[in-house]
């Protein structure tokens, strides 16, 4: 029996070594937690620790292990030193602001041997210009974090939409946004729907898809809770597209691009994760009148407007459509507009 | 940035080719070639700050495969030294790391063990130095994957034939153990035949009588043909026979710095057929022609 179980555990370990499913495209699926254990089993902890071993201790270790004379080591050092030039230049890139950041409070330090997963979240296709270049944002999460942490960190403009027609009461734009109203969301990874069930308003919006799938020839899909699952519990394929849906029908393609052990030069402050390392910037749409300010109103059926629909900034909107007493002039419908470039 | 991949690969193969020609695994030899080619200037082509990091990432991912099988031990040592040089001379700060996937870690540890057993202390020292400088990312896959399907004209994965041991499948199939077993079975079979039939019936002679000696001689002929074939193709010394004992002793030979090897190298390099001219050569050619077209003042 014992032999059988060791064989099984060896096989389980072998299955969780990531390999290509299609060369240079994506990997086969593997269990993230087991992958991390496999790396930690084969590595000397010094190799992934944040601190450096003192060079004297390293030298002594090397001499003893190799069984060489100290003067041989000195010879090696003199031959193998960096004989080539080095330029110390500071690269001040926007994405690298957080690199190497150490937390003030040591309790917020990421433990050594933690896994960092890098996700590319594509923007949903709404714009013509995204036909050539697929816009995305890159988020880094820790293996110990929950899926709900990732969900909260994704910035999508559809979360900020305000519904309602306000031509009659432009000052009464409510403060609530779609993010507060429609809280349901799910991730779809490898045949399992992970639903957000933290709030009572959250519904399981994946049931529609699951019922539809049952009537066709699809394998059975499972459900789980987003806030109870950490990334270590997942079985994922690297480089394979998955799905994130929120607001009922706002769908984002999510690709896991990289899984690796945390490194000394990464951002080590646990409070900053999930960390945004890349975001595609969107050109903001300006008011049709002044071409200066970012538009906040969109009107339809407007007799005054040159186009249908038409964008206005707040000041131009009021000057155009209301008189000094605040009475509505003409016939139109006005909606609050949130520009996708809000997140720039 | 991807359009730099081909030229970068060509330059790295040029350097590794020269290193292979020295028939040594000593770091001093490598540094000599590096200085001759002024290889660290490969990073000076892109002065923009954000491009530096992307270029460093590209060149490290191009060179990493040379550190792993199926390349020969010497090429793998050259790959390690090249990674060491590139890691330390890159212009991005903080330094861009070298990615090692879990599936390749066993090969890396085996390589280190081989180096230790053969007492190539400089190889071991360089690898240890990279580890202690925290030069590696321990990852799931060798490169970040973004589900790029439309790519590939096969050039990306092309392995330089000269850097790999010549194929030895026949020799791996027919080893001495296998030959012994076949001889045993053959004897058994003949014994059974004699026991069943008192008179040997010529119709029952289906199997060749001297199967085992024939197999042996065929393999040896193939081996010799391979040696002669590779020798005639490459004028400089390649890895030659796939016979494990012979090539191992050649690889692990401790050669001293041979000064007369230097003028030979340039000759041998020029005699290699199908060698894409390096960046340095192409630049010189371009400037020479430009100089000629300038009118004298």
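Out of all the residues in the stretch A:44-85, which are surrounded by 12 or more Cβ atoms within 10 Å (Cβ to Cβ) and farther than 21 Å from residue B:87 by Cα?
Across the stretch A:44-85, the qualifying residues are A:59, A:60, A:61, A:62, A:63, A:66, A:68, A:72, A:73, A:75.
Please go through the stretch A:247-258 and give me each residue that is touching a residue at least 12 places away in the same chain (Cβ under 8 Å) and either assigned to a loop (DSSP other than H, G, I, E, B) or touching a strand residue (DSSP E or B) at 6+ places or on another chain (Cβ under 7 Å) (or both), ordered by number. Spell out how you get there, then give the answer.
Filtering the stretch A:247-258 for residues touching a residue at least 12 places away in the same chain (Cβ under 8 Å) gives A:247-248, A:250-258.
Within the stretch A:247-258, A:247, A:248, A:251, A:252, A:253, A:254, A:255, A:256, A:257, A:258 qualify.
What number of residues within the stretch A:164-187 satisfy the criterion of being closer than 23 Å to residue A:282 by Cβ and modelled with pLDDT of 75 or more?
Of the residues in that region, 2 qualify.
Take the conditions assigned to a helix (DSSP H, G or I), under 26 Å from the mean Cα position of the chain (by Cα) and within 30 Å of residue A:298 (Cα to Cα) and apply them to residue A:148. Does it pass? Before the answer, list the steps.
Numbers: assigned to a helix (DSSP H, G or I): yes; under 26 Å from the mean Cα position of the chain (by Cα): yes; within 30 Å of residue A:298 (Cα to Cα): no.
In short, no.
Okay, residues lined up against (1) over 30 Å from residue A:44 (Cα atoms); (2) touching a strand residue (DSSP E or B) at 6+ places or on another chain (Cβ under 9 Å); (3) at pLDDT below 90:
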residue: A:242; (1), (2), (3): yes, yes, no
residue: A:271; (1), (2), (3): no, no, yes
residue: A:285; (1), (2), (3): yes, yes, yes
residue: A:310; (1), (2), (3): yes, yes, yes
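Quick check on this structure: which one of A:261, A:268 is crowded, with 21+ Cβ neighbours inside 10 Å, closer than 20 Å to residue A:16 by Cα and in contact (Cβ under 8 Å) with a residue 12 or more places away in the chain? Break it down into steps so the answer makes sense when it comes.
Numbers: A:268 fails: closer than 20 Å to residue A:16 by Cα.
Being crowded, with 21+ Cβ neighbours inside 10 Å, closer than 20 Å to residue A:16 by Cα and in contact (Cβ under 8 Å) with a residue 12 or more places away in the chain holds for just one of A:261, A:268, which is A:261.
Restricting the stretch B:68-81 to residues that are more than 13 Å from residue B:20 (Cα to Cα) and in contact (Cβ under 8 Å) with a residue 40 or more places away in the chain, which is nearest to the other protein chains (Cβ to nearest Cβ)? Working first, answer last.
Filtering the stretch B:68-81 down to residues more than 13 Å from residue B:20 (Cα to Cα) leaves B:68-70, B:80.
From what's left, in contact (Cβ under 8 Å) with a residue 40 or more places away in the chain: B:68, B:70, B:80.
Details: B:68: 14, B:70: 15, B:80: 11 Å.
The extreme case among them is B:80.
Going by what's in this entry, would residue A:237 be described as in contact (Cβ under 8 Å) with a residue 12 or more places away in the chain and surrounded by 20 or more Cβ atoms within 10 Å (Cβ to Cβ)?
yes
Is it the case that residue B:47 is part of a loop (DSSP other than H, G, I, E, B), in the same structural domain as residue B:11 (by TED's automatic domain parsing) and within 24 Å of the chain's Cα centre (by Cα)?
On the way: part of a loop (DSSP other than H, G, I, E, B): yes; in the same structural domain as residue B:11 (by TED's automatic domain parsing): yes; within 24 Å of the chain's Cα centre (by Cα): no.
Judged against the criteria, residue B:47 is not a match.
Take residue A:46 and tell me if it is outside any loop (DSSP other than H, G, I, E, B), at pLDDT 75 or above, more than 30 Å from residue B:146 (Cα to Cα) and more than 9 Å from every other protein chain (Cβ to nearest Cβ).
Working: outside any loop (DSSP other than H, G, I, E, B): yes; at pLDDT 75 or above: yes; more than 30 Å from residue B:146 (Cα to Cα): yes; more than 9 Å from every other protein chain (Cβ to nearest Cβ): no.
In short, no.
Is at least one residue of the stretch B:87-110 closer than 23 Å to residue B:21 by Cβ and at pLDDT 90 or above?
No; the residues of the stretch B:87-110 include none that is closer than 23 Å to residue B:21 by Cβ and at pLDDT 90 or above.
Among the residues of the stretch A:108-121, is there at least one that is more than 14 Å from chain B (Cβ to nearest Cβ) and at pLDDT below 75?
To start, the set of residues in the stretch A:108-121 that are more than 14 Å from chain B (Cβ to nearest Cβ) comprises A:108-111.
Right, trim to at pLDDT below 75 and you get none.
No: zero hits.
Name the single residue, out of those in the stretch B:218-247 being at pLDDT below 75 and in a helix (DSSP H, G or I), that is farthest from residue B:74 (Cα to Cα).
Quick first cut of the stretch B:218-247, residues at pLDDT below 75 only: B:230-247.
Now restrict to residues that are in a helix (DSSP H, G or I): B:230-233, B:244-247.
Values: B:230: 18, B:231: 18, B:232: 21, B:233: 20, B:244: 14, B:245: 15, B:246: 14, B:247: 11 Å.
Of everything passing the filter in the stretch B:218-247, B:232 is farthest from residue B:74 (Cα to Cα).
Run down B:89, B:109, B:93, B:139 and say which single residue is facing chain A (nearest Cβ under 8 Å) and surrounded by fewer than 16 Cβ atoms within 10 Å (Cβ to Cβ).
Working: B:89 fails: surrounded by fewer than 16 Cβ atoms within 10 Å (Cβ to Cβ); B:93 fails: surrounded by fewer than 16 Cβ atoms within 10 Å (Cβ to Cβ); B:139 fails: surrounded by fewer than 16 Cβ atoms within 10 Å (Cβ to Cβ).
Of the residues listed, the single one that is facing chain A (nearest Cβ under 8 Å) and surrounded by fewer than 16 Cβ atoms within 10 Å (Cβ to Cβ) is B:109.
Give A:316, A:290 a once-over and let me know the one that is assigned to a helix (DSSP H, G or I) and either over 21 Å from residue B:140 (Cβ atoms) or under 17 Å from the mean Cα position of the chain (by Cα) (or both).
Answer to the check: A:316.
Residue check: is residue A:38 touching a strand residue (DSSP E or B) at 6+ places or on another chain (Cβ under 8 Å), under 30 Å from residue A:258 (Cα atoms), surrounded by 13 or more Cβ atoms within 10 Å (Cβ to Cβ) and within 8 Å of chain B (Cβ to nearest Cβ)? So that I can check it myself, show each step before the final result.
Working: touching a strand residue (DSSP E or B) at 6+ places or on another chain (Cβ under 8 Å): no; under 30 Å from residue A:258 (Cα atoms): yes; surrounded by 13 or more Cβ atoms within 10 Å (Cβ to Cβ): yes; within 8 Å of chain B (Cβ to nearest Cβ): yes.
Criteria not met by residue A:38.
Every residue in the stretch B:113-134 that is assigned to a helix (DSSP H, G or I) and at the interface with chain A (Cβ under 8 Å from one of its Cβ atoms), please.
Just the residues of the stretch B:113-134 that are assigned to a helix (DSSP H, G or I), to begin with: B:113-117, B:121-132.
B:116, B:121, B:122, B:124, B:125, B:126, B:128, B:129, B:131, B:132 - these are the residues of the stretch B:113-134 that are assigned to a helix (DSSP H, G or I) and at the interface with chain A (Cβ under 8 Å from one of its Cβ atoms).
Inspect all residues belonging to the stretch B:21-29 and state whether any of them is under 21 Å from residue B:125 (Cβ atoms), away from chain A (no Cβ under 11 Å), at pLDDT 90 or above and surrounded by 18 or more Cβ atoms within 10 Å (Cβ to Cβ).
no
Using the structure shown, decide if residue A:223 is over 22 Å from residue A:29 (Cα atoms), more than 14 Å from chain B (Cβ to nearest Cβ) and either buried (at least 18 other Cβ atoms within 10 Å of the Cβ) or touching a strand residue (DSSP E or B) at 6+ places or on another chain (Cβ under 8 Å) (or both).
Values: over 22 Å from residue A:29 (Cα atoms): no; more than 14 Å from chain B (Cβ to nearest Cβ): yes; either buried (at least 18 other Cβ atoms within 10 Å of the Cβ) or touching a strand residue (DSSP E or B) at 6+ places or on another chain (Cβ under 8 Å) (or both): yes.
Against the criterion (over 22 Å from residue A:29 (Cα atoms), more than 14 Å from chain B (Cβ to nearest Cβ) and either buried (at least 18 other Cβ atoms within 10 Å of the Cβ) or touching a strand residue (DSSP E or B) at 6+ places or on another chain (Cβ under 8 Å) (or both)), residue A:223 does not qualify.
Would you check which residues across the stretch B:50-94 are farther than 23 Å from residue B:118 by Cβ and either in contact with a strand residue (DSSP E or B) (Cβ under 6 Å, 6 or more places away or on another chain) or part of a loop (DSSP other than H, G, I, E, B) (or both) and list them?
Within the stretch B:50-94, B:60, B:90, B:91, B:92, B:93, B:94 meet the criteria.
Given B:35, B:9, which one is away from chain A (no Cβ under 12 Å) and on the phi < 0 side of the Ramachandran plot? Walk me through it before giving the result.
Values: B:35 fails: away from chain A (no Cβ under 12 Å).
From the options B:35, B:9, the qualifying one is B:9.
So, in the stretch B:42-64, of the ones that are without any contact (Cβ under 8 Å) to a residue 40 or more places away in the chain and crowded, with 16+ Cβ neighbours inside 10 Å, which residue ends up farthest from the other protein chains (Cβ to nearest Cβ)?
Looking at the filtered set, the residue picked out is B:60.
Taking the condition of being outside any loop (DSSP other than H, G, I, E, B) and closer than 20 Å to residue A:153 by Cβ, how many residues in the stretch A:218-233 meet it? First the steps, then the outcome.
To start, the set of residues in the stretch A:218-233 that are outside any loop (DSSP other than H, G, I, E, B) comprises A:222-225, A:230-233.
The next check asks that each one be closer than 20 Å to residue A:153 by Cβ; those that pass are A:224-225, A:230-233.
So the count comes out to 6.
Answer yes if at least one residue in the stretch B:96-103 is part of a loop (DSSP other than H, G, I, E, B), in contact with a helix residue (DSSP H, G or I) (Cβ under 9 Å, 6 or more places away or on another chain) and in the same structural domain as residue B:62 (by TED's automatic domain parsing), and no otherwise. Show your work before the answer.
The first filter runs over the stretch B:96-103 and keeps only residues part of a loop (DSSP other than H, G, I, E, B), leaving B:96-97.
Imposing the further condition that a residue be in contact with a helix residue (DSSP H, G or I) (Cβ under 9 Å, 6 or more places away or on another chain) reduces the set to B:96-97.
So of that shortlist, the ones also in the same structural domain as residue B:62 (by TED's automatic domain parsing) come out as B:96-97.
Checked the stretch B:96-103: at least one residue is part of a loop (DSSP other than H, G, I, E, B), in contact with a helix residue (DSSP H, G or I) (Cβ under 9 Å, 6 or more places away or on another chain) and in the same structural domain as residue B:62 (by TED's automatic domain parsing).
Assuming residue A:244 fulfils every condition listed in (1) within 14 Å of chain B (Cβ to nearest Cβ); (2) assigned to a strand (DSSP E or B) apart from one, which condition is it?
(1)
The values are calculated or read from the model by the stated rules, or taken from the named source; none is laboratory data. The structure displayed is predicted, hence computed values, not measured ones. Because the Cβ atoms are built from the backbone with ideal geometry, glycine has one as well, and the counts that use them run over all protein chains shown.
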